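The values are calculated or read from the model by the stated rules, or taken from the named source; none is laboratory data. Bear in mind that the values here come from a model prediction, so they are computed numbers and not experimental data. A quick note on method: Cβ atoms are made from the backbone with ideal geometry, for glycine too, and the neighbour counts reach across all protein chains shown. Areas reflect the complete protein model, heavy atoms only, side chains present, ligands, DNA and RNA absent. Shrake-Rupley method; radii C 1.70, N 1.55, O 1.52, S 1.80 Å.
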Amino acid sequence: MEYGSVWRRAGKEYPRLEGDIERDIVVVGGGIAGFLTAFRLTEAGRKVTLIEADRLFSGTTGRTTAKITCNQGNVYAELYRRYGRSMTSLYYRSQVDAMCAYADLVKEYGIDCDWEEGDGYIFSRGNHCRPEKAYKALRNIGAECELVHDIRPMKACCALKMSGQYMFDPLKFLHALPADFEIFERSRVTEIDAEKRVLRTGGGSVKANVIVIATRYPVINSHGMYFMKLRQSASYTIAVTGRHVEDMYLDDEAEGLSLRPYAGGTILGGCDHRTGRRKRGGRFAELERNAAKLFPGCEVTDRWFAEDVMTFDGLPMVGEYAKGLENVYVATGFNKWGMTNAMAAAGILTDLITGADNPYAGVFSPQRGVRGAFFASLVNAAVNIAGMIAGALGISFVSADEIPSGEGRIARINGETKAVYRDEGGRLHVTDARCPHMKCRLKWNAETRTWDCPCHGSRFDADGRLLDPPAVKNNRRVSGESGGEE
């Protein structure tokens, strides 16, 4: 079965950027966050240019589970513990406002996007009712929710329930919104002079008055230190035949199941882990076993992989890219709640750029003091440093001759350490063992047959073609068994 999500909808094709141009506002990244930011800024009367590396919505937006919900469970318990009532309340309100904004747009433009209202459940299958902490935090800020028990079909002991949540087809929704702004596709930004606000692509360059980086993971390394503040999390999703649930469910375990219905069946996701930190496969098989257990007789129709950027306090980072860097903004760290946070980010960025007040700008600010994150930051730094040291040492005791068909390993070939994959036909695919982003040693993902960076989450196919940022260039490829560079 080939990889691909259920959200498949071909949209209008846009040209590639060619030549050198000057523009007012340039948004980099054609996912839902970048597109909604361009849309809101255009509504505010600004001239906007959107630049996308591939096709619009081809990244995480096209691989989401597409839940529009403010029921984010443990997020609220953690925020309340770290920051108290006021900040938790503001974040909750930002999510409610985002939900309402989607509903308003669907109604205003009459968008047919399989829009559905349903209940959202964050459930616990252990003996201890973990959602109770989130329930107490939410009740303390006046949120409408309830704690319920004996949740079927999950066989859960308890769950945090919120009514009036939404589901939709994100690509149908986005393609139906009027794009009254300039768009360039297949125009990957490979270099950014942040201070002069000049962006360069393979086909040209843009001099901008304002830049918004909405590439999921920020791609400017010279400012902001985002490579120390963030990590990327991988998740796996399948779709099965039959509409087996009518509402949205999420296990409160870190690797727990996520379920929702869609027009043609049921979506199951989960099995999360830090990108690049798992060598063996079996994640899709695990989801399929869960599906067969929950819904006997169902058949898998689709499967896909996605990445999400995680912060250490559960709050996104939306606002000025870095102190002292004028007119450069960022939207990142949505912590797996990308639908609501993309809409919230679009509103915050529009207000910041146009000089309007926004009640949530301080909560989402990348310059906020992140509380209680010392240990997590230390672990993240250790992982990054270890990856860069491994990349610098370039040592492997595995010979390329030892690699079985269908597997990839860091191995010695022609006296050098490389990332080597042997396909089912026995041919070797050889690329640099180090990620071009910050030279961390890559890890083979047997599930997706990709080379993943354990430091910052860049991903490449077996031939080194870039799949996901923050890297902005392909990995250096070496041809076949001869070891000659291509």
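In the stretch 162-222, inverting the average of 1/r over every pair of distinct C-alpha atoms gives 14.6 Å as the Kirkwood radius.
Rolling a 1.4 Å probe over the heavy atoms of the protein chains gives the stretch 20-169 an accessible area of 41 Å² per residue.
Plainly put, the chain has a radius of gyration that is 0.96 times its Kirkwood radius, both from alpha-carbon atoms, as the Rg/Rh ratio. For the chain, the dipole from Cβ point charges (+1 on Lys and Arg, -1 on Asp and Glu) about the Cα centre works out to 1300 debye, to the nearest 20. The stretch 348-413: D in µm²/s via Stokes-Einstein (Kirkwood Rh, Cα pairs, 25 °C, 0.890 mPa s)? Estimated diffusion coefficient is 147 µm²/s. Screening the chain for whole DSSP H helices of 24 Å or more along their axis (Cα) with average Kyte-Doolittle hydropathy at least 1.0 returns 374-393. Annotation: Ser399 carries an accessible surface of approximately 40 Å², with a 1.4 Å probe and no ligand, DNA or RNA atoms counted. The stretch 99-173 and the stretch 1-58 have Cα centres separated by 29 Å.
Place a +1 charge on the Cβ of each Lys and Arg in the stretch 161-319 and a -1 charge on the Cβ of each Asp and Glu, then give the dipole magnitude about the Cα centre in debye, rounded to the nearest 20.
It comes to approximately 560 debye.
Principal axis extents of the C-alpha atoms in the stretch 176-283 (largest first, rounded to whole Å): 53, 37, 22. Across the stretch 200-353 the C-alpha pair distances fall into 5 Å bins from zero in the proportions 2, 8, 15, 17, 15, 13, 11, 9, 7, 3, 1, 0 percent. Pairwise Cα separations in the stretch 136-237 fall into 10 Å bins from 0 onward with the following percentages, short to long: 10, 23, 25, 22, 16, 5. Can you give me the pair-distance distribution of the stretch 368-486, C-alpha pairs, 5 Å bins, whole percents? Using 5 Å bins, I get a P(r) of 2, 13, 21, 22, 18, 11, 5, 3, 2, 2, 0 for the stretch 368-486. Radius of gyration (Cα atoms) of the stretch 263-330, expressed as a multiple of 2.2 N^0.38 Å: 1.70. Straight-distance candidates among the lysines for linking to Lys47, with alpha-carbon spacing under 27 Å and chain neighbours fewer than 8 residues away dropped: Lys12, Lys107, Lys172, Lys196, Lys207, Lys323.
The alpha carbon gyration tensor of the stretch 28-67 gives principal lengths a ≥ b ≥ c with a/c of 1.5 or higher and a/b no greater than b/c, which makes the shape oblate. If you sort the three axes of the alpha carbon gyration tensor as a ≥ b ≥ c, you get a/c of 1.5 or more for the stretch 78-179 and a/b no higher than b/c, which makes it oblate. Computed about the Cα centre, the dipole magnitude for the stretch 273-411 is approximately 520 debye when only Lys and Arg (+1) and Asp and Glu (-1) carry charge, each at its Cβ. The residue list Thr215, Gly120, Cys158 was ranked by how far each Cα lies along the charge dipole of the chain toward its positive end, using unit charges on Cβ atoms, and Cys158 comes out on top.
Rounded to the nearest 0.05, the FRET efficiency derived from the C-beta distance between Lys107 and Val148 at R0 = 30 Å is 0.50. Report Rg/Rh for the stretch 301-375, rounded to two decimals, where Rg is the Cα radius of gyration and Rh the Kirkwood radius. With Rg and the Kirkwood Rh in hand, the quotient comes to 1.04.
Relative to the compact-globule estimate of 2.2 N^0.38 Å, the Cα radius of gyration of the stretch 1-99 comes out at 1.42.
The sum of -39500 (n - 2.57) across all DSSP H runs of n ≥ 4, divided by the residue count of the chain, sets its helix-only mean residue ellipticity at 222 nm to -7500 deg cm²/dmol. Note on the chain: dipole from Cβ charges, positive end direction compared against Leu50, Pro131, Ile25; the farthest Cα belongs to Pro131. The GluC sites (Glu not before Pro) of the stretch 108-206 that meet both conditions, a loop assignment by DSSP and at most 13 other Cβ atoms within 10 Å of the site Cβ, are Glu144, Glu195.
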